[in-house]
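Here, each number is a calculation from the coordinates, and none is a lab measurement. Everything numeric in this text was worked out from a predicted model, so none of it was measured. Note that each Cβ is placed from the backbone with ideal geometry, even for glycine, and that neighbours are counted across all protein chains shown.
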Amino acid sequence: MVTDPKMDAVGCMFHQNPPVDEVPTASYPRISEKAVVGFNSLVIGDVTIADEVFIGFYNLIRADSASPFYIGPRTNIQDFVVVHSHPGQHIMVDGNKTAIYIEGNVSILHHSIPHGPLYIGSNTYIGHHVSIYGGTIGRNCVIMHHASISNYVTIGDNRYVAPGQIIETEEQANDLPQVPVKYRDLNAQIVEHYCRLGRAYKQCGHPLMS
């Protein structure tokens, strides 16, 4: 696990957060040796990145206004993604306060902004340019490109958010349809690809991936 601040040869930076009232303890990220992090990605504060997580290029993961963050195994966060949380706000997971909790086997595509406090259940797909501001996203969901979810809504398991759809009330969240059959294997395919890709980067010692 990476526990010390560093700027490595490919420009990835892992660093402690500065203490503030909302996050009074300075913490370093904890990054599995089986995870990969790409060129110019920055991870700050109490962030746990589990086995076989793929963090691509130019991502920003900041646990400096609320913490901790957990990114579960086999999750892929592709490129130009910002992960942050509202100052001092939390959700409860297994009796513990957390700001961001990504259960695992989740795909977050390029240019998306998952903003906490936020829970994302396993096997959920989040497309390009998706904006999420607080809430709970269930398991096995598909949230398509350019969707917007706000106001701390709860989206149940197996729900589908269409491209560009705006969800800002619980009524809208409750009315979401089940994931169409044609998309039910979409996330599993993406997860499997990025796990293989991450292992390939590791095995060849690629100069743009740590």
Cα centroid distance between region 85-120 and region 163-210, in Å?
15
How far, in degrees from 0 to 90, does helix 186-204 lean away from the longest principal axis of the Cα atoms of the chain, to the nearest 10?
10
Return the FRET efficiency for the residue pair Ala162, Val93: r is the Cβ-Cβ distance, R0 is 22 Å, and the value is rounded to the nearest 0.05.
0.20
Using Rg and Dmax of the Cα atoms in Å as the read-out, say which of [x] 17.0, 54; [y] 17.3, 57; [z] 16.2, 49 was calculated from these coordinates.
[z]
Length gained, Thr154-Gln172, 0.36 nm per residue minus C-alpha separation, equals 5.5 nm
Over region 6-204, relative contact order from alpha-carbon pairs under 8 Å, at least 6 apart, %:
13
Taking square-rooted eigenvalues a ≥ b ≥ c of the alpha carbon gyration tensor, is region 40-162 rounded, prolate or oblate, where a/c under 1.5 means rounded and, failing that, a/b exceeding b/c means prolate?
rounded
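Where does the charge balance sit around Glu52 when Lys and Arg score +1, Asp and Glu -1, over other residues with C-beta under 12 Å from its C-beta?
For residues surrounding Glu52, the net value is +2.
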Within the chain, helix-based [θ] at 222 nm, where runs of 4 or more DSSP H residues each add -39,500 (n - 2.57), nearest 500
-3500 deg cm²/dmol
Can you work out the Karplus-derived ³J(HN,Hα) for every residue in region 108-119? Use 6.51 cos²θ - 1.76 cosθ + 1.60 with θ = phi - 60°, whole Hz, and x for glycine or proline.
10, 7, 4, 6, 8, 10, x, 10, x, x, 8, 10
Assigning unit charges at the beta carbon (Lys, Arg +1; Asp, Glu -1) and nothing else, what dipole magnitude in debye, to the nearest 20, does the chain show about its Cα centre?
580
